[in-house]
Structures are given as C-alpha cells and as structure tokens.
Amino acid sequence: MRVVSGSAKGRPLKAVPGTGTRPTTDKVKEALFSMIGPYFEGGAALDLFAGSGGLGIEALSRGMDKAVFVDLESKSIEVIRENLKATRLEDQAAVYRNDAGRALKALAKRNATFDLVFLDPPYRMKNGHELMLTMHELELLTQGATIVLEYESKHEYPEQFGPFEQTRKAVYGETAVSIYDYVPGAAEDEENSITEEEAPHD
C-alpha cells in the first residue's frame with residue numbers, strides 16, 4: 001500500500017498485521033478519489049473504521065486540512081500513528097481508539113463537523129446507513145458533505161434515505177463503494193412540494 005497522489009505521493013503505508021482488517025487497495029483508492037475529488041481545498045475528514053488510516057491519509061495528502069481517525073483495535077491505532085509519521089501528516093491528524101458509535105457522540109460533544117467521511121466497517125456489519133443517520137442527528141456533517149461507504153458488493157444500501165442521496169456507485173469484485181451527498185432539508189422540501197401540488201385549488 002502507498003499514498004497514491006498529493007503531497008505524500010508514493011510514500012509506503014504499513015498494513016495492520018493479521019486478517020482482521022481489510023485495507024482498501026490502491027486501485028480502489030485511486031478510483032474512489034477520482035469520484036470525490038480528486039483534490040480538495042481544505043476541510044475536515046473523518047475516517048471512522050480507519051484500519052491502517054489509508055483513506056484519511058490519502059485525503060490529507062490531497063488537500064484536506066485535518067482528519068480524525070477512529071478504530072477500536074489498538075494495533076490499528078499503532079499502525080495509523082506510524083503511517084501518519086511516515087507521511088509527515090501527524091500535525092494535521094487526531095487519532096482515537098473507540099467504538100464507532102461512542103466516537104461519534106464524543107466528537108459531537110466537541111462540536112466537530114466534517115466535510116468528508118469514510119465509512120468502511122467490517123463486512124459483517126451492515127449498519128452503514130444507521131451510522132450516517134446518527135451523524136445527521138448529532139449534527140456532525142457540514143451542508144453538502146460527502147460520505148464514502150465501502151461494503152460487501154452482495155449487500156445493497158438504499159439510494160436515498162433521510163438527508164442522504166447516492167450520487168455514485170461502483171463495484172470492484174467483492175467490494176462496493178457508494179458515494180452519498182448530505183443534503184439536509186431536501187427531504188422536507190420534497191414533502192412540501194408534494195403537499196402543495198396535491199392541495200385542492202379554488
């Protein structure tokens with residue numbers, strides 16, 4: 001694994017030892033960032049099931065101002081810190097060992113908000129959309145934020161739910177990636193427009 005592009009381009013990244021984590025391949029990473037960027041003019045990123053930290057580090061390398069990395073495994077936290085040091089991006093990062101749900105609550109208490117979120121939970125977990133709705137409820141997302149959801153290609157997530165709208169989807173073997181835009185108010189606007197159309201006219 002390596003950083004594909006940006007300020008840390010070409011720097012090698014360590015993988016988490018063992019088979020518990022599933023790093024995003026360089027090929028998928030390159031395709032993913034071409035869909036959402038490929039480069040950024042600042043902003044904050046959240047890498048929620050960070051593993052080795054590859055996605056958050058790629059986002060920093062491509063122009064994000066700061067990133068928060070969260071993982072429950074201590075060996076992942078160790079590897080993330082090593083990879084941040086190797087890419088000289090540690091000053092722009094915060095790393096937390098925590099469960100995803102608890103981490104979101106803790107970030108909300110700090111009034112954190114994010115423009116870009118990477119969600120790559122273990123394939124056995126099918127709760128990506130629930131975590132996204134939790135972020136909405138906790139007001140962790142900026143208007144127009146982008147959420148990248150990576151999951152097993154056999155599984156299907158809805159194209160639209162709550163304030164989230166799928167803009168792109170790509171499948172790479174057993175891995176699927178869905179890109180969602182956060183558009184709070186859109187669902188309410190849609191309901192209001194239907195009500196107006198259906199209202200009886202004099």
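The values are calculated or read from the model by the stated rules, or taken from the named source; none is laboratory data. Only a predicted model underlies this, so the values are computations on that prediction, with no experimental measurement involved. Every residue, glycine among them, receives a Cβ derived from its backbone with ideal geometry; neighbour counts consider all protein chains shown. Keep in mind that these areas ignore ligands, DNA and RNA; they rest on the heavy atoms of the full protein, side chains included. Shrake-Rupley method; radii C 1.70, N 1.55, O 1.52, S 1.80 Å.
Helix 128-137 axis versus longest C-alpha principal axis of the chain: approximately 70°, rounded to the nearest ten. Helix 100-109 and the longest principal axis of the Cα set of the chain meet at an angle near 70°. Cut-off 19 Å, label point 7 angstrom out along Cα-to-Cβ of ARG88: give me the residues of region 1-35 whose amide nitrogen falls inside. Within reach of a label on ARG88, which here means backbone N under 19 Å from a point 7 Å along Cα→Cβ, region 1-35 contributes 2-14. Given a 1.4 Å probe and the protein chains as shown, TYR123 ends up with an accessible area of around 40 Å².
Spin-label model, GLU137 to ARG110: label points 7 Å out along the Cα-to-beta-carbon direction sit 2.2 nm apart. Put a dot 7 Å past the Cα of ALA170, heading toward its Cβ, do the same for GLU78, and the two dots end up 3.4 nm apart. A helix-only calculation puts the chain at -9500 deg cm²/dmol for mean residue ellipticity at 222 nm, using -39500 (n - 2.57) for each DSSP H run of at least four residues, averaged over all residues. Fully extending the segment from ASP99 to HIS155 would add 17.9 nm, taking 0.36 nm per residue of separation and subtracting the current Cα-Cα distance.
Defining a contact as two alpha carbons under 8 Å apart and six or more residues distant in sequence, what relative contact order in percent does region 111-184 show?
33
Nearest 5 is fine: what % of DSSP beta bridges in the chain come out antiparallel, could you say? Beta bridges within the chain, antiparallel portion: roughly 50 percent.
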